[in-house]
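Okay, so here's the structure we're looking at.
Nothing in this text is a laboratory measurement; each read-out follows from the coordinates by a stated rule. Bear in mind the structure is a predicted one, so any value in this text is a computation, not a measurement. Every residue, glycine among them, receives a Cβ derived from its backbone with ideal geometry; neighbour counts consider all protein chains shown.
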Amino acid sequence: MRATAQDREAALQMGVNVNAVNSAVFAIASALGGLGGLLVGMYYNHIDPAMSFQATLKGVVAQVIGGVGNVPGAILGGALLGLVESYGIAAFGTTYRNLFAFVLLVVFLIGFPNGLFGARSAIHTEPLVGTFIAPSRPVRAPVWLVAGATVAAFALPFATSAPYLLQTLTNAWLAGLLALSLTLVSGTAGQISLGQAAWLAIGGYASALLAIDLGATAIVSVPAAGLITAALGTLLVFPAFRLRGHYIAIATLAIGEIVSLVILNWESLTGGAMGLTGIPPLSLLGRDLDSNRAIYWTCLSTLAVLALLQARLLRSHLGRTLRAVREDEIAARSYGIGLDRYKALAFGFSGFVAGVGGAITAHLYSYLNSQTFDSQLSLLALTMVMLGGMGNVLGAIAGAVVLVGLPELFRVTAEYRILIYGCVLLLLVRFRPQGLLGTL
Amino acid sequence: MAALLEIRGLARRFGGVAAVKDLDLEVRDGELVSLIGPNGAGKTTTFNMISGLDRADEGEIVFSGLRIDRLSPEAIAALGVARTFQHGRVFANLSVEDNVLLGAHTRLSAVRPRLPLEGPVAELLLALVRPAPVGREEEALKREAREILALFGDRLTPRLHHPAYSLSYANRRRVEIARALALRPSLLMLDEPTAGMNPTETAEMQALIAMLKARGMSILLIEHKLDMVMQLSDRVYVLDDGAKIAEGAPEAVRNDPGVIEAYLGHSEIGRTAGRKQEAES
Amino acid sequence: MTRPLLSLDRINTFYGAVQAHFDLSLEVGEGRIVSLLGGNASGKSTTMKIILGLVAPRSGTVTFAGERIDGWPTHRIIRAGIGSVPEARRIFPLMTVRENLMMGAYPRDDRQAVAEDLDRMLTLFPRVAERLNQRAGALSGGEQQMLAMARALMGRPRLVCMDEPTMGLSPLFVDRVLELISEINRQGLTVFMVEQNANLALQIAHEGYVLQSGRIVLHGSAVELRRDPRIRDAYLGGASAA
């Protein structure tokens with residue numbers, strides 16, 4: 001197993017049946033997990049589908065504390081986590097339960113990346129090519145096609161005023177903003193982020209609070225919320241910049257959950273579980289935008305402008321630099337590219353885009369709580385971006401239209417959507433990792 | 001006159017093993033200095049300490065009069081030190097042109113304002129707005145990149161927009177050197193630039209390095225191909241087991257009996273085994 | 001003439017639309033050292049991948065000890081008696097030298113014989129023996145090459161495939177590696193070696209094939225090839241080309 005993990009192809013050439021070994025690993029791990037689930041169910045006299053996500057995260061926390069691949073470490077990590085949680089709940093109350101797990105996770109990821117018992121190895125194995133991106137030539141859509149599609153999209157409300165169609169596409173444009181933000185940070189800059197929904201939440205709450213408490217109009221509060229999200233989001237992720245590969249994915253996942261839990265618990269600011277009501281609708285020059293058409297055009301224009309800016313960024317030297325950070329951090333540093341600076345820029349810009357998306361959504365829904373932007377949205381974001389092609393701006397929008405538009409069109413209910421996103425993701429990773437339009 | 005690069009008392013340990021022991025080394029302006037020695041002698045470790053990827057346990061490294069042994073790799077690159085890597089590290093999914101343009105990253109002034117806190121934000125805004133000076137700088141750099149690539153004949157120029165992963169191994173290593181040249185370094189550090197290349201490719205690379213030297217570039221070279229080392233170098237340092245065992249002009253080093261014993265084995269490589277074979281077949 | 005231990009017959013390999021081998025045929029007789037020579041884009045590494053089952057040919061057959069092995073999964077090919085010393089060594093960096101050697105014996109279950117072979121390897125490769133309990137990643141390139149060879153031999157193969165065994169090594173280690181290959185061949189092992197440096201390979205090989213852009217362009221005994229001016233132009237390095 002260790003040989004297979006360290007060098008799959010070399011293990012093959014030792015006569016190891018790598019596929020059988022991997023299957024055995026999953027079988028053993030699943031058996032242990034199942035046993036654990038059985039014990040949890042018997043202890044709490046209760047099981048439900050939502051258990052799995054929380055349990056996964058807690059397992060990850062225990063593993064990080066103990067050190068990857070370290071069996072006694074995993075046991076001790078789990079014990080430590082359990083103790084911290086129990087005492088924490090006793091001190092602060094049950095709603096804080098998960099907060100401890102995630103804070104502990106982030107602390108360990110950043111402070112003790114090898115865990116309490118993991119060996120400190122001075123040997124750094126050089127990657128041949130250090131990237132997760134599937135190499136591909138992006139599909140170049142001709143300019144006239146893109147321009148034509150954009151014009152058609154803007155002209156659509158003139159052709160029809162079917163509310164269902166316009167609302168669906170409006171949702172697609174908003175999802176497009178989320179996809180744009182994720183594709184920049186994970187696709188272009190190579191920093192896998194699984195907590196993107198948190199940025200939407202920060203943007204939404206920021207704009208809502210500015211509007212409710214300070215009476216700011218949308219034209220002020222939305223961009224302001226974007227800037228707040230950019231700054232706050234970057235600050236939150238900054239300590240994780242030193243992490244590599246999948247650890248940054250875990251860290252962003254944890255940070256996303258922490259943001260969500262802080263929103264839940266900071267009642268004085270966010271209204272806690274009750275949320276915020278009476279968020280004023282979007283307005284322009286004093287007039288409320290309440291027709292489907294006006295809302296549609298607002299969202300589409302925002303998406304178009306930000307997409308154009310992001311495309312411009314990609315073509316600039318800055319875009320080139322971000323991709324260098326993704327490709328090979330060591331070579332990048334050796335040519336003067338400061339990693340922290342550029343990762344921060346990527347998270348900053350993408351935070352702005354996501355924050356704007358969250359802000360507009362808040363005004364449209366006129367009600368927000370900590371469940372509005374849940375982790376399912378982060379999964380949706382990832383699926384959209386993979387479907388379209390990592391780093392690909394057009395791909396992000398295409399992914400949004402397909403994954404938000406089509407289920408609506410076929411009247412697929414909410415419970416099945418997660419199933420669809422999961423299946424799409426699996427199929428993509430297996431058969432077409434570069435997505436529909438190719439990675440950039 | 002002070003040397004371009006001066007190393008005094010450099011030491012590095014990994015666990016209980018001393019990878020580099022008490023090393024003194026210097027490269028003077030316009031010189032080509034070679035670092036040779038058996039595998040594991042500490043040559044690449046020394047390179048890593050000079051370029052900032054690794055930190056020495058003891059000793060000092062002085063470049064153009066500045067102490068650089070505590071600086072980050074980015075800062076050292078900005079001072080004009082460019083290096084290539086033992087196994088070749090190019091930006092695989094980026095085009096040849098992009099790879100070379102990134103080599104010039106430290107030289108861009110229009111695109112990367114040097115203000116401390118506002119710097120990154122300004123850089124972002126400039127990328128989005130793209131005023132004329134930025135465009136001009138980019139065009140000038142693209143022309144320069146083409147000139148650099150032309151040094152490699154027609155090996156790389158027709159592949160300007162191909163992604164680096166699609167190139168042959170030899171071409172990838174050439175791209176790596178082109179990227180280093182785009183930095184316009186005061187010191188060029190090459191780590192086994194001809195590893196894995198056949199004799200024809202090696203000869204081409206040797207000619208290129210000789211040309212760079214003729215143009216006045218200061219070069220620090222790690223190489224195993226001794227003919228090349230002897231023909232190109234002004235001076236040679238021989239390392240073995242982390243310590244310097246000889247230094248001097250190529251001829252002097254080649255005839256040093258201690259060097260021959262530790263490093264070359266016999267003066268005729270491979271011939272002994274060959275003679276046994278011929279006797280049997 | 002006895003049947004060759006390994007033979008490739010009219011192999012055609014494709015990477016997508018690009019053809020890498022054109023009706024490639026070669027034979028490795030038992031007890032011989034046969035070298036496949038060629039430049040960077042010649043298709044030599046692909047040949048190794050075909051033999052080891054890492055890549056499937058579109059047409060043609062690979063026969064080992066009388067059995068067709070093309071289409072077999074890699075682990076089955078290894079268990080049939082082919083050992084591999086991969087390009088760039090590919091030792092397991094976080095495992096100790098001893099663990100690496102034991103991985104070489106993975107397909108075997110004759111414990112006593114494995115223990116004997118381990119002792120044999122340590123005698124044959126003293127540099128490796130010195131570092132038995134160190135992490136393999138800490139070894140220098142030349143030592144890793146030794147380890148990779150010893151590891152392959154731990155499987156008691158009939159045929160050992162080596163992919164560019166001298167690449168990136170200092171002259172002293174090149175010397176030692178070549179001597180070791182000759183030695184293990186004298187002890188009865190058949191060796192198939194892919195090498196870029198014809199000069200070095202032909203010092204110890206019995207015969208060679210020269211591959212150019214996916215086609216065999218020359219074949220003969222090592223003595224014949226060393227004298228053939230066509231090879232000399234393209235490949236021979238050393239004193240003549242400098």
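Taking the Cβ of each residue in C:THR47, A:THR150 as the centre, tally the other Cβ atoms inside 10 Å and list the residues starting with the fewest. Spell out each step's value before the answer.
Working: C:THR47 28, A:THR150 16.
Fewest-to-most ranking of C:THR47, A:THR150: A:THR150, C:THR47.
Amide H contacts of B:ASP240: B:ILE245, each under 5 Å away and 5 or more positions distant or on a separate chain (H built 1.01 Å from N in the peptide plane; Pro and chain starts excluded). How much net charge surrounds A:ALA79 when only other residues with a Cβ under 14 Å from its Cβ are counted (Lys, Arg +1; Asp, Glu -1)? Around A:ALA79, the surrounding residues sum to 0. Across B:ASN171, B:ASN48, B:ASN93, mean-square fluctuation computed from a Gaussian network of chain B (C-alpha pairs under 10 Å connected) peaks at B:ASN93. Helices assigned as whole DSSP H runs in chain B whose Cα atoms extend at least 24 Å along their own long axis and whose mean Kyte-Doolittle hydropathy is -1.0 or higher are found at B:132-150.
Measuring how big segment C:1-109 is from its alpha-carbon positions, Rg and Dmax come out at 15.1, 46 Å. Legend: mean number of C-beta atoms from other chains within 10 angstrom of residue C-beta atoms, peptide B:50-60, equals 1.
Shown for A:VAL146, B:VAL238, A:VAL402: other C-beta atoms within 10 Å of each C-beta, ranked fewest to most, produce the order A:VAL146, A:VAL402, B:VAL238.
Taking each residue in C:203-212, count the Cβ atoms of any other chain within 10 Å of its Cβ, then average. What number comes out? Don't skip to the answer; put the middle values down first.
On the way: counts 10, 5, 2, 3, 1, 0, 0, 0, 0, 0.
Taking all residues of C:203-212 together, the mean is 2.
The eigenvalues of the Cα gyration tensor, multiplied by 5 and square-rooted, give chain C an equivalent ellipsoid with semi-axes of 28, 22, 16 Å from largest to smallest.
Treating the Cα atoms of chain A as identical point scatterers in vacuum, please give the log10 of the normalised Debye intensity I(q)/I(0) at q = 0.09, 0.12, 0.14 Å⁻¹, two decimals. The computed values of log10 I(q)/I(0) come out as -0.62, -1.11, -1.47. Taking every alpha-carbon pair in segment A:299-416 and binning the separations at 5 Å intervals from zero gives 2, 9, 15, 21, 20, 14, 9, 6, 3, 1, 0 percent. Per-residue shielding of B:64-73, expressed as the average number of other chain Cβ atoms within 10 Å of the residue Cβ, stands at 1. Dividing the summed -39500 (n - 2.57) terms of all DSSP H runs of n ≥ 4 by the residue count of the protein assembly as shown sets its mean residue ellipticity at 222 nm at -16500 deg cm²/dmol.
Per residue, the convex hull spanned by the Cα atoms of segment A:53-119 measures out at 71 cubic angstrom. Spatial offset of segment C:78-146 relative to segment B:39-95 amounts to 33 Å, using the alpha carbon center of each.
Kirkwood analysis of segment B:91-184, using all unique Cα-Cα pairs, places the hydrodynamic radius at 14.0 Å. Please build a GNM for chain A, connecting alpha carbons under 10 Å apart, and tell me which residue among A:GLY336, A:GLY82, A:GLY195 fluctuates the most. Between A:GLY336, A:GLY82, A:GLY195, it is A:GLY336 that shows the largest mean-square fluctuation. For chain A, the longest principal axis of the Cα atoms and the long axis of helix A:51-66 meet at an angle of about 50 degrees. Measuring between their Cα centroids, segment A:149-175 and segment C:174-215 lie 68 Å from each other.
What separates the Cα centres of segment A:48-80 and segment A:179-227 is a distance of 31 Å.
Computed over the alpha carbons of the protein assembly as shown, Rg followed by Dmax gives 30.9, 100 Å.
Pair-distance distribution of segment A:1-47: all C-alpha pairs, bin width 5 Å, starting at 0; shares per bin in whole percent are 5, 21, 19, 13, 10, 9, 9, 7, 5, 2. For chain B, the fraction of C-alpha pairs farther apart than 29 angstrom is 39 percent.
Which order do A:TRP173, A:TRP144, A:TRP297, A:TRP266 fall in if you start with the one that has the fewest other Cβ atoms within 10 Å? Walk me through the intermediate numbers first.
Values: A:TRP173 25, A:TRP144 8, A:TRP297 19, A:TRP266 13.
Fewest to most other Cβ atoms nearby, the residues stand as A:TRP144, A:TRP266, A:TRP297, A:TRP173.
Plugging the Kirkwood radius over Cα pairs into Stokes-Einstein for segment A:128-249, at a temperature of 25 °C and a viscosity of 0.890 mPa s, what D comes out in µm²/s? It diffuses with D of about 139 µm²/s by this estimate.
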